[in-house]
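The values are calculated or read from the model by the stated rules, or taken from the named source; none is laboratory data. Just so we're clear, the structure is a prediction, and the values are computed from it rather than from any experiment. Reconstructed Cβ throughout: ideal geometry from the backbone, glycine too, with neighbour counts over all protein chains shown. All accessible areas refer to the heavy atoms of the entire protein, side chains included, with ligands and DNA or RNA removed. Shrake-Rupley method; radii C 1.70, N 1.55, O 1.52, S 1.80 Å.
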Amino acid sequence: MTGTEGPDSGRVELDGSEGEGGGQILRTALSLSLITGRPFRIRRLREKRDPPGLRPQHLACVRGAEALSGGSSEGATVGASEITFTPGPVRAGDYLLEVGTAGSTPLLFQCLVYPLALAGGGQLTLRGGTHLPHSPSYHYVANVWQPVARAYGLPVQLTLPHAGFYPEGAGEIVAEVGPPQEPPLLVELPARGMLREVRVSSFTGGLPFTIAERQSRAAVAALRERGILAEAENRPLPVTRSVGTVTFVLAQFEHTIAGFTALGERGRAAEEVGREAAVALADFMETGGALDEHLADQILLPAALLASGRLGPATPGTTRFTAARITDHLTTHARVVERFLPVHVSVDASGAVEVRPR
């Protein structure tokens, strides 16, 4: 990520069209602006996307950052290609935020959880979508991200009062966020180790329970074809006005954990949904990466907080891991992190990633 700081304000200048060029640049910048107290400006925001510019779900992240800190923004309107954000001091406490019908509560949560934790903690109640395309599902965040956050000394407890599916949303997640605990000195995840357990969880919200059963049967069968044994559970999800289904496959390895989500769609067979999640795990196991591509991206921010000393004194404060796939999302995220914090993120084409103090 290229750019220059303002001469007086310490403002970080970012080009929103670089790399992956999506909303991740804005969410990471908001999170790190709240943590460091540094304002930023993004130009050419989501320039390569259709439609380009700020969308309602991104605007919700800006409003959330303003709520946590009393900060201010300029240009934060739907469709805007440039935005400036100036943070205030983040206040510990309880917050209720609406993301909107098709907005992702997990993405808003991951934007705000780190600054809230570093401020002393509190409760985030977020309303909107919980299981949406192109976003981590609630079950991924609760079962994969959450254990990793705890390993970095960030205690978070997540609950799901209501699920929210596309397009209505109307879901809710609640996060109890504690202050940081003692951080690790060094995190090394070069290999995932032996596969210990695979669990298929199949859910329906507002639809016949037989759909969940069909999804899980198909997932278990697809895994068995590939020599992977799995246990399955089928459960209903509480919903308000949205309906949907989801299959989530959780794999516990000797050293790491990985998760794979498939969402139901109108007109799509339940068996296809179950197979999609199962095949995603099978494909991951064909790689040599310790972390799935999504966790590899999501671990960067806590790793950078550790390396910069924001989680407390830690020596050497370095994180090393291998990723199943190096994505543009990961490399773009890494460049934004380096703009705000005194850390260096090295990414090798082989999948090896290191986050260390600069």
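To the nearest 10, the accessible area of Glu66 is 40 Å² with a 1.4 Å probe. Look at the dipole of the chain built from charges on Cβ: of Ala218, Leu158, His134, the Cα furthest out on the positive end belongs to Leu158. Based on protein heavy atoms only, region 159-204 ends up with 48 Å² per residue of surface accessible to a 1.4 Å probe. The alpha carbon centroids of region 314-358 and region 227-259 are separated by 29 Å. Expressed as a whole percent, the accessible area of region 75-213 that falls on carbon and sulfur atoms is 56 (1.4 Å probe). Ordering His134, His255, His329 by accessible surface, largest first, gives His134, His255, His329; the 1.4 Å probe counts only protein heavy atoms, with every chain in place.
Take region 268-350 with all the other protein chains still there, run a 1.4 Å probe, and you get 36 Å² of accessible area per residue.
Note on Ser216: accessible area approximately 10 square angstrom, rounded to 10, probe 1.4 Å, nucleic acids and ligands left out. Computed about its Cα centre, the charge dipole of region 143-199 is approximately 260 debye, with only Lys, Arg, Asp and Glu carrying charge at their Cβ.
Round to the nearest 10 and give me the degree value, 0 to 90, for the angle of helix 24-36's Cα axis relative to the longest principal axis of the chain. Orientation of helix 24-36: about 50 degrees from the principal axis. For region 31-135, DSSP calls about 45 percent of its internal beta bridges antiparallel. Computed with a 1.4 Å probe over protein heavy atoms only, the accessible surface of region 36-122 comes to 40 Å² per residue. The share of accessible area on region 5-65 that comes from carbon and sulfur is 42 percent, using a 1.4 angstrom probe. Relative to one another, the C-alpha centroids of region 157-223 and region 133-148 are positioned 6 Å apart. The order of Glu47, Glu13 by accessible area, most exposed first and with a 1.4 Å probe, is Glu47, Glu13. Go ahead and estimate [θ] at 222 nm for the chain from helices alone: -39,500 (n - 2.57) per DSSP H run with n ≥ 4, summed, over the residue count, rounded to 500. Here the helix-only value at 222 nm equals -9500 deg cm²/dmol. When all protein chains stay in place and ligands, DNA and RNA are ignored, the 1.4 Å accessible-area order of Ser346, Ser72, Ser242, largest first, is Ser72, Ser346, Ser242. As a length-normalised measure over Cα pairs under 8 Å and 6 or more apart, the relative contact order of region 9-56 settles at 47 percent. DSSP bridge analysis restricted to region 128-253 gives an antiparallel fraction near 70%, rounded to the nearest 5. Think of each Lys and Arg Cβ as +1 and each Asp and Glu Cβ as -1; about the Cα centre, that makes the dipole of region 179-333 roughly 300 debye.
Working from Cα pairs under 8 Å separated by at least six residues, relative contact order for the chain is 14 percent.
Here Tyr140 sits with roughly 10 square angstrom of accessible surface, probe radius 1.4 Å. For the chain, the longest principal axis of the Cα atoms and the long axis of helix 105-118 meet at an angle of about 50 degrees. Computed over region 177-330, the convex hull of the alpha-carbon atoms projects to a mean area of 11.0 nm². Counting only DSSP beta bridges whose two residues both lie in the chain, roughly 65 percent are antiparallel. Remark: the Arg43-Arg224 segment gains 60.3 nm on full extension, using 0.36 nm per residue and subtracting the alpha carbon distance.
When the charge dipole of region 210-358 is built from unit charges on Cβ atoms (+1 for Lys and Arg, -1 for Asp and Glu) and taken about the Cα centre, the candidate among Gly264, His333, Thr247 whose Cα reaches farthest toward its positive end is His333. Spin-label model, Arg91 to Arg199: label points 7 Å out along the Cα-to-beta-carbon direction sit 3.9 nm apart.
Across region 134-139, computed HN-Hα scalar couplings (Karplus, 6.51 cos²θ - 1.76 cosθ + 1.60, θ = phi - 60°) run 6, 7, x, 6, 3, 5 Hz from first to last residue, x flagging Gly and Pro. Entry note: the chain has Rg to Rh equal to 0.96, where both radii use alpha-carbon atoms and Rh is the Kirkwood radius. About its Cα centre, the dipole of the chain is roughly 260 debye, where the only charges are +1 on Lys and Arg Cβ and -1 on Asp and Glu Cβ. Between the helical axis of 328-340 and the dominant principal axis of the chain, each derived from Cα atoms, what acute angle in degrees is found, rounded to the nearest 10? Once rounded, the angle reads 30 degrees.
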